[in-house]
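Right, one structure below, let's go through it.
None of the figures in this text is laboratory data; all of them are computed from the coordinates on show. None of these values were measured; they are calculated from a predicted model. Quick reminder, even Gly has a Cβ in these numbers, built from the backbone with ideal geometry, and neighbours come from all protein chains shown.
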Amino acid sequence: MRQHLLTLTILFPLVGAVVLAATGRILSDRDARILALITTLATFAVSLLILRDFDTGFRGYQQVEAVSWVRSLGLQYLVGVDGISLWLVLLTTFLFPVSILASWKVESNVVRYMIAMLVLETAVVGSFLALDLLLFFLFFEAILVPMYLIIGGWGSANRVYAAIKFFLFTMAGSAFLLVAILFLYARSGQPGPPTFDLRLLTPVAAGLPVQTARWLFLAFFVAFAVKVPLFPLHTWLPDAHTEAPTAGSVLLAGVLLKVGTYGLLRFNLSMFPQASTYFAAFVSILAVIGIIYGALCALIQTDLKRLVAYSSVSHLGFVVLGIFAFTQQAVTGGVLQMVNHGLATGALFLLVGMVYERTHTRELADMGGLASVMPVLLGAFLFVVFASAGLPGLSSFVGEFLVIAGTFAVSHLFGALSAIAVVLAAIYLLWSYQRVAYGPLREEHRHLPDLSGREVAVLAPVLALLLVFGVYPKLLTRSIDPATCAAIERVRSSQTCADIGSAAVPAVAEGRQP
Amino acid sequence: MIPTPALEFRPILPEILLCTFAIVGMLYEAFARRPDPVPHLAIAIVGIGPAAVTAYALWDWSGPSYVLGDTVAVDRFSVVSRFVLLGAAFVGCLYYTHYASRDPGSFRGEFYPLTLFATAGMTLITAANDLIVIFLALELLSLSLYVLTGITGRRRASEAAMKYFLLGAFSSAFFLYGVAMAYGAATSTKIVGVAAPGIVQALAGQTGSQALALLAMALLVVGFAFKVSAAPFHMWTPDVYQGAPTPVVAFMGAATKVAAFFALIRVFDVGLQPLTWDWTPVIYGLAVVSIVVGSVVAIAQRDVKRLLAYSSIAHAGFILTGLTAANSTGIGAAMFYLVAYAVVTLGAFGIVMLVSARGEEQTSLDAYAGLARRSPGLAALMTVFLLSLGGIPPTAGFIAKVTVFSAAIGAGNWPLAVVGVVASVVAAYFYVRVIVYMYMREPAEGIESDDGVMPRIAAGVLAAGIVVLGIFPGILTGILEPASIVRW
């Protein structure tokens, strides 16, 4: 079993979904919830075993499993993990039980909902672990349908519009990805049998003419930029996040957006290093625009959920900026930020959902004074707001700091601009908190209940991790560093990781902040 | 003494059986006391089953590759197509039996013999090695289908049949003229000649007239494009799909496409192989136009049968995309696509039939509103079929799409693949819209429902096949690989 941990992580939720589908008629709603929860918890447990077996010092892919799947096509079932995907997989398997627990109140079509959730988990984990490009694409596309159904089936008023928009945006992006993958595949066949193996395609991509490589870079880039989402392809995100049910928003923000940034790092950077440097300025500009534009949009939102959604645009801009700075600090910071954003924004959506369940409004204007009736909920809210705003000692600080520091080393302008956004983030987050928590309490909100035991169980692990990763980020960085190092060295072929300056990472990681 | 070719009937036993039982069915219809679909179904199955067995016996054929005076080819390529076509005929007959039982007034016993005749024409067209035989088979299947289209005698069906007949007659004329030109160019109508040089030998040896050959190619393209409903020769498709009874559409939509494409592959990739450089641009153009027209016009459709008709035009374009590769990869990709498409089409129209209920009034999108609430099973099956049509994993449609694009890109036709993927995004919109209606709308008032069990089982099996092929496409590619036709 030890050598099949990755496969087990991918398959567990799917098996759970199949069991649910098969027994759906005789299960009560409660049984379905419990079954889904047990499945996701078991998946999380298995993924922790991956962490245990993980060799932090090793740069390449570990625990690789390869089975020929479709021989005639050259499609392999090829999965492996490295320092980047390790944490994203753990983030995913961690957030899923949380989301299932958070959707305990879903009353309609519970079995179908849980099946969609479990299939979604398989697809997401699969896309983080796949090392075969077509396999990756398969999982990448497979994310669409369950997420689409979750938004469209259990979302709020304008859900159908949001669901279709989500579906079409992502599908349009991935269309070009498919052509690019097939193009590489066709090239890999001369000589030898064609393959989708990422490790074998990397040298093939390196041998392409410069112009071709740039076009392929763009094809990959569009697919992932939609997913991230990068300005100006972000317009699906506010709709999808706002209309999705709470768990849907948590997973969209927490996990799905990371598939985009992960793809940029894993495929664009490693396969097209020259094209990456060629387009770095362009991508960075888009990222900075996204950071500031997202923050400004968040500032003017009156809908709490939409505000959080726009904050995601801003935060994900950081991640992309970090990745395309090509310094050890910035890229590691970017990866950290993926994990941190998943936790912090996930928690924010959870809290917004809990507030909504009680007040039945997402409008900031209709809230106010809630801290006096729900001190625990709002206390947790404040904690998460601080975490999201990047307060030192909480997780996002480390990631943002590393990204800004790493970017500053490359470009003062981008570094400075992104630092402004940190200030903006503090403003919109604290201001929105103020409007929710303080001020006059509305009469109808006077008897709202505080957190229930289930809700505490949902929030506590997330908040704990926000703190742990803030205080002891080395837990993450020691396995992320070697992987990002490998990615950067490919881009900056003449330099090794140490030349580019990795000194700040251990310093921060060990808590000795400069 | 007139030399006669050696007569070897085993390779056309499937067709002989089909025609025999079609005649038995007609006789039964003539003398039957009262209309009853069950004996008809039994006769049809007795014809289809042994036809499949005799077709299977040809898989390991050790005799000559061409029989009956080189007019019929014996190869695994035609065995595969026979299986798909016989399967489609079987499912079509099952559907019609249900269709007739829920609306006894509209029952016409002729459905079964006509379907068998059409199937015989279709299986023959994929095995024919002679343009004349192809033409005869084409006429056999076309005439049967014209009648099948109008079989209920409803106004819309009659109108569709008339349109189909008129336009089909034109295309047949084009095709026949093409055959004449080919004869002029090669002094033979055999695709591959054994006793005497056939078209491919004449063209390869540059003995024929190049101008006539090109003219023949153009005319044959028109004839085939009509049958596979590639734009701009698709005009009949939406009307016929909408007007014809749904069981007929299920059979026709799946089987005609398979038969015509298999014949097209044989004629172009074998017979006109020396002209590959001339016909690939034409196929390329047809592919682009079909994909774009099919995908874009489908957006505006509110009738699900019409929507699937336009989708079938787009799919013809995708299959042509694979064929632009003009190599064994492309042929294999097209074959996989055709099998997957046939399965999906049969399944999807089965659901359409069940939803449309008696009298087939309920074919608009509104009838699908809240289907997941009314009958979750049907909605789930329809979702599988729609996802496969849209090429979304884990369905066979996804693998099919990947293989045809992969073949096209491998041959350097990546712009075509770009057109294809962009169109498939457009297409995703209208497939997903049906899913939206089924899952996210409230059911409309006064919708009749149909609890037919047999079509449900059939559709369920087809959907399972789609998913299994999507996850383990190796099952099918393993069969198709040795069955791929050999380019000359």
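Rounded to the nearest 0.05, what FRET efficiency is calculated for A:Val64 and B:Ser65 with R0 set to 51 Å and r the Cβ-Cβ distance? Can you show the working numbers first?
On the way: r = 46 Å, r/R0 = 0.91.
Efficiency computed from Cβ-Cβ geometry: 0.65.
Sort the following peptides by mean Cβ neighbour count (other Cβ atoms within 10 Å, averaged over residues), highest first: A:219-231, A:287-299, B:458-470.
Order by mean packing, descending: A:219-231, A:287-299, B:458-470.
Would you work out the relative contact order for chain B, in percent, from Cα pairs under 8 angstrom that are 6 or more residues apart?
Numbers: 890 pairs, mean separation 72.0, N = 488.
That works out to 15 percent.
Quick one: angle between helix A:110-129 and the longest Cα principal axis of chain A, in degrees between 0 and 90, rounded to 10, please.
30
What would the Debye equation give as log₁₀ I(q)/I(0) for region A:248-321 at q = 0.23, 0.25, 0.28 Å⁻¹, counting only Cα atoms as equal point scatterers?
-1.01, -1.10, -1.21
Restricting to lysine pairs 8 or more places apart or on different chains, what number in chain A have Cα atoms under 24 Å apart?
Values: A:Lys105/A:Lys305; A:Lys165/A:Lys227; A:Lys165/A:Lys258; A:Lys165/A:Lys305; A:Lys227/A:Lys258; A:Lys227/A:Lys305; A:Lys258/A:Lys305; A:Lys258/A:Lys474.
Lysine pair count for chain A: 8.
Per residue of B:414-424, count partner chain C-beta atoms within 10 Å of its C-beta, then hand back the mean as an integer. Provide the component values of the computation, followed by the final result.
Numbers: counts 6, 1, 1, 8, 5, 1, 3, 10, 4, 1, 4.
Whole-number average of other-chain Cβ neighbours for B:414-424 is 4.
Can you list the residues, at least 5 places off or on another chain, whose amide H is less than 5 Å from the amide H of B:Tyr66, using H built in the peptide plane?
Amide H to amide H, under 5 Å and 5 or more residues apart or across chains, B:Tyr66 pairs with B:Val74.
Between the helical axis of B:13-31 and the dominant principal axis of chain B, each derived from Cα atoms, what acute angle in degrees is found, rounded to the nearest 10?
Approximately 50 degrees, to the nearest ten.
Please tell me which of these pairs span more than 19 angstrom C-alpha to C-alpha: B:Lys305/B:Lys401; B:Lys163/B:Lys227; B:Lys257/B:Lys305; B:Lys257/B:Lys401; B:Lys163/B:Lys305? Don't jump to the answer; show the numbers that get you there.
Numbers: B:Lys305/B:Lys401 22 Å; B:Lys163/B:Lys227 14 Å; B:Lys257/B:Lys305 16 Å; B:Lys257/B:Lys401 17 Å; B:Lys163/B:Lys305 17 Å.
Where the Cα-Cα span goes over 19 Å, the pairs concerned are B:Lys305/B:Lys401.
Mind computing the radius of gyration and Dmax over the alpha-carbon atoms of chain A? Å is fine for both.
Rg then Dmax for chain A, in Å: 21.7, 75.
For region B:327-342 and region B:198-242, compute the distance between their C-alpha centroids and round to whole Å.
19
Quote the FRET efficiency, to the nearest 0.05, computed for B:Val468 versus B:Ser101 with a Förster distance R0 of 25 Å and r equal to the Cβ-Cβ distance. Walk me through the numbers before you get to the answer.
Working: r = 30 Å, r/R0 = 1.20.
Using R0 = 25 Å, I get an efficiency of 0.25.
Within region A:145-172, name every residue whose backbone N is under 18 Å away from a label modeled 7 Å from Cα of A:Thr302 along the Cβ vector.
A:157-158, by backbone N distance to the label point.
Going by a ≥ b ≥ c, the root eigenvalues of the Cα gyration tensor, does region B:279-356 fall in the rounded group (a/c under 1.5), the prolate group (a/b larger than b/c) or the oblate group? List each step's numbers first, then the result.
Details: a/c = 4.81, a/b = 1.56, b/c = 3.09.
Since a/c reaches 1.5 but b/c is at least a/b, the shape of region B:279-356 is classed as oblate.
On average, how many beta carbons from a partner chain sit within 10 Å of the beta carbon of a residue in A:163-173? Walk me through the numbers before you get to the answer.
Values: counts 5, 7, 0, 0, 7, 5, 1, 2, 11, 7, 1.
Averaged over the peptide's residues, the number is 4.
Rounded to the nearest whole Å³, what is the per residue volume of the convex hull around the Cα atoms of the protein assembly as shown? Mind dumping the intermediate values first?
On the way: hull volume 162.7 nm³, N = 1002.
Once divided by residue count, the hull of the protein assembly as shown is 162 Å³.
Want the number for B:Met162 to B:Thr187: 0.36 nm per residue separation, take away the alpha-carbon distance, what's left? Don't skip to the answer; put the middle values down first.
Numbers: separation 25, 0.36 × 25 = 9.00 nm, distance 3.59 nm.
Additional length available on full extension: 5.4 nm.
With N denoting the number of residues in region A:1-70, provide Rg(C-alpha) divided by 2.2 N^0.38 Å, to two decimal places.
Numbers: Rg = 15.4 Å, N = 70, 2.2 N^0.38 = 11.1 Å.
Dividing the Cα Rg of region A:1-70 by 2.2 N^0.38 Å gives 1.40.
Compute the angle between helix A:159-188 and the longest alpha-carbon principal axis of chain A, please, reported from 0 to 90 degrees and rounded to the nearest 10.
Helix A:159-188 and the main axis of chain A meet at about 10 degrees.
Rg and Dmax of region B:315-425, Cα atoms, in Å?
16.2, 50
Could you compute how fast region B:10-483 diffuses translationally, taking Rh as the Kirkwood radius over C-alpha pairs and applying Stokes-Einstein at 20 °C with viscosity 1.002 mPa s? Give it in µm² per second. Provide the component values of the computation, followed by the final result.
Working: Rh = 22.1 Å.
In µm²/s, the coefficient rounds to 97.
Using the Cα centre of chain B as the reference point, and only Cβ charges (+1 on K/R, -1 on D/E), how large is the resulting charge dipole? Debye, rounded to the nearest 20.
Numbers: 26 positive and 25 negative charges, 94 e Å.
Rounded to the nearest 20 debye, it is 460 debye.
Between region B:433-481 and region A:136-214, what's the alpha-carbon centroid distance in Å?
The two parts, judged by their Cα centres, are 25 Å apart.
Please label the shape of region B:33-176 as rounded, prolate or oblate, based on the square roots a ≥ b ≥ c of the eigenvalues of the alpha-carbon gyration tensor (a/c under 1.5 means rounded; beyond that, a/b larger than b/c means prolate, else oblate). List each step's numbers first, then the result.
On the way: a/c = 3.13, a/b = 1.37, b/c = 2.28.
The shape class here is oblate.
Sort out for me the Cα centre separation of region A:357-396 from region B:71-97, rounded to whole Å.
If we compute the Cα centre of each part, the gap is 65 Å.
Please give the peptides A:308-314, A:76-82 ranked by average Cβ packing (other Cβ atoms within 10 Å per residue), highest first, as a rough proxy for protection.
Descending mean neighbour count gives A:308-314, A:76-82.
Would you please give the residues with an amide H less than 5 Å from that of B:Ser364, counting only those at least 5 places away or on a separate chain, with H modeled from the backbone geometry?
Here B:Val304 satisfy the definition.
Going by average Cβ neighbours within 10 Å, how do the peptides A:279-286, A:34-41, B:301-308, B:349-356 rank, with the highest at the top? If you can, show how the numbers build up before the last one.
Numbers: A:279-286: 17.9, A:34-41: 20.4, B:301-308: 21.9, B:349-356: 26.9.
Most protected by this proxy first, the peptides run B:349-356, B:301-308, A:34-41, A:279-286.
Across the residues of B:155-164, average count of Cβ atoms on other protein chains within 10 Å? Write out the running numbers ahead of the final one.
Numbers: counts 0, 0, 0, 0, 0, 0, 0, 0, 0, 0.
Partner-chain Cβ atoms within 10 Å, mean over residues of B:155-164: 0.
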